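Input: a single structure, listed below in structure tokens.
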Amino acid sequence: MSILISGFEAFDGSTSNPSACIVQALLTRSDIATVILPVDSVHGPNRLLETIPKIQPQAILCLGEAARRSAISVERVAINLKDYRIPDNNGITLQDEPIISDGPDAYFSNLPVRKITQAILAAGIPVELSLSAGAYLCNQVMYAAIHATRFTTPRPLVGFIHLPSLPQQVVEKNQSYPSMALETSQKAVQIAIQVIRQTLENNSSQDINSA
Ligand code: PCA
């Protein structure tokens, strides 16, 4: 059983990104494939889309940082919109553009988003089921991954989790917005992986029983 987990490089003047730290910590697990994506309007989604056929994962969990959010955000929806509030790491700012010109307005994640949220909450970690992954690179990667795998059989589970900034990022910027310790975000991601794994196991035993 293979699960692909992606994270993003640092952006917006930060020297780190919690999603990259978590992906690096998962590198040693043989059942998990990882990729760190550039915060780049073209190469970010492309790097993920190139990796998917090589791994042929049963699930794809993308991770990114949501500065100023105070809780883990399990994303429900990706919208077909690029509307960047800040430039990407290549200096590009896109506005009012679709991700896929003839694509649907939005895709729902097919991860068990409510179960993941409930399991993270049960572990005592602040979490929300979020209605918007924004209109920047995280939303773009989530939309592109769901779009690219929609006709794959069996269809992989695909979704996105946003993580609050790390305390040191907020300190670095001399600001006072919310943050979450790396260990806490990491535990939340581990719980999400467990729930995804259980869902895949249940789906495959249902397939065997109905065969
Ligand atoms: N967060 C950004 C892009 C990269 C990241 O980690 C976002 O929320 O779109």
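The values are calculated or read from the model by the stated rules, or taken from the named source; none is laboratory data. Note that the coordinates shown come from a computational prediction; the quantities given were computed from them, not determined experimentally. Please note: Cβ atoms are built from the backbone with ideal geometry, for glycine as well, and neighbour counts cover all protein chains shown.
Annotations
- Complete set of residues in the range 115-154 that are in contact with a Pro (Cβ under 8 Å, 6 or more places away or on another chain) and away from the ligand (no atom under 16 Å from the Cβ): Thr149
- Top-ranked residue of the range 144-185 - restricted to ones that are free of Cβ contacts under 8 Å to residues at least 40 places away in the same chain, assigned to a loop (DSSP other than H, G, I, E, B) and of a type in the set (A, V, I, L, M, F, W, C), ranked as surrounded by the fewest Cβ atoms within 10 Å (Cβ to Cβ): Phe151
- Hits in the range 50-67 (condition: among the charged types (D, E, K, R) and closer than 15 Å to Ser19 by Cα): Glu65
- In this structure, Ala78 qualifies as hydrophobic (A, V, I, L, M, F, W, C) and within 16 Å of the ligand (Cβ to nearest atom).
- Filter result for Asn80 (in contact with a helix residue (DSSP H, G or I) (Cβ under 8 Å, 6 or more places away or on another chain) and modelled with pLDDT of 95 or more): yes
- When the residues of the range 2-28 are filtered to those that are more than 14 Å from the ligand (Cβ to nearest atom) and small (Gly, Ala, Ser), the one that is nearest to Ile52 (Cα to Cα) is Ser2.
- Residue in the range 29-52 that is within 16 Å of the ligand (Cβ to nearest atom), over 19 Å from Ala144 (Cα atoms), touching a residue at least 60 places away in the same chain (Cβ under 8 Å) and buried (at least 21 other Cβ atoms within 10 Å of the Cβ) present: no
- Test for Leu157: is it touching a Leu at 6+ places or on another chain (Cβ under 6 Å), among the aliphatic types (A, V, I, L, M) and under 20 Å from Leu111 (Cα atoms): yes
- Residue list for the range 71-122, restricted to those being surrounded by fewer than 20 Cβ atoms within 10 Å (Cβ to Cβ), among the small types (Gly, Ala, Ser) and in contact (Cβ under 8 Å) with a residue 12 or more places away in the chain: Gly103, Ala106, Ala119
- Residue match in the range 53-66 (condition: loosely packed, with under 14 Cβ neighbours inside 10 Å and aliphatic (A, V, I, L, M)): no
- Residue within the range 187-205 that is exposed (fewer than 14 other Cβ atoms within 10 Å of the Cβ), of a type outside the set (S, T, N, Q) and within 15 Å of the ligand (Cβ to nearest atom) present: no
- Pairs, first more than 14 Å from Leu163 (Cα to Cα) in the range 2-16, second modelled with pLDDT under 95 and of a type in the set (Lys, Arg), C-beta under 6 Å, six or more apart: none
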